[in-house]
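This report refers to the structure that appears directly beneath it.
We did not get these values from a lab; they are worked out from the coordinates using the rules stated. Values in this document were obtained by computation on a predicted structure and should not be read as measured data. Ideal geometry is used to build each Cβ from the backbone, glycine not excepted, and the neighbour counts take in all protein chains shown.
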Amino acid sequence: CALPISIQHEFCHLINMLLDSAKQVVVAADRPPSELESLEPRVRSRLNGGVALEMSAPDFAMRLGMLKLRRATAKTDDTSLDISDEILEHVA
């Protein structure tokens with residue numbers, strides 16, 4: 001589904017404003033910027049100017065580690081929180 005041209009112009013303007021202000025911009029897609037054919041060449045070119053990384057889905061160990069970290073963070077807010085490793089392993 002292609003975005004209307006006006007939205008693409010605003011998106012490109014927003015990226016430029018953020019970068020000019022020394023901000024970082026993170027954009028996620030299911031393919032590299034060069035393959036986003038529904039985008040205007042100007043927007044595609046702007047996205048191609050950054051670093052594009054391919055990311056695979058996290059494996060079990062990483063998902064479990066993320067859940068354990070989240071549990072530890074949540075426990076600081078609610079010390080009565082009790083989620084066993086067994087439950088985390090099932091969710092992971």
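Among the residues of region 31-48, the one identified as over 16 Å from LEU3 (Cα atoms) and exposed (fewer than 11 other Cβ atoms within 10 Å of the Cβ) is ARG31. ILE7 fulfils the conditions (1) exposed (fewer than 12 other Cβ atoms within 10 Å of the Cβ); (2) among the aliphatic types (A, V, I, L, M); (3) in a loop (DSSP other than H, G, I, E, B) except for a single criterion, (3).
Can ALA57 be described as within 30 Å of GLU86 (Cβ to Cβ) and part of a helix (DSSP H, G or I)? Explain how you work it out, then say what you get.
Values: within 30 Å of GLU86 (Cβ to Cβ): yes; part of a helix (DSSP H, G or I): no.
It is false that ALA57 is within 30 Å of GLU86 (Cβ to Cβ) and part of a helix (DSSP H, G or I).
Within region 64-92, residues that are among the polar types (S, T, N, Q) reach no partner that is outside any loop (DSSP other than H, G, I, E, B) and surrounded by 10 or more Cβ atoms within 10 Å (Cβ to Cβ) with beta carbons closer than 6 Å at six or more positions or on different chains.
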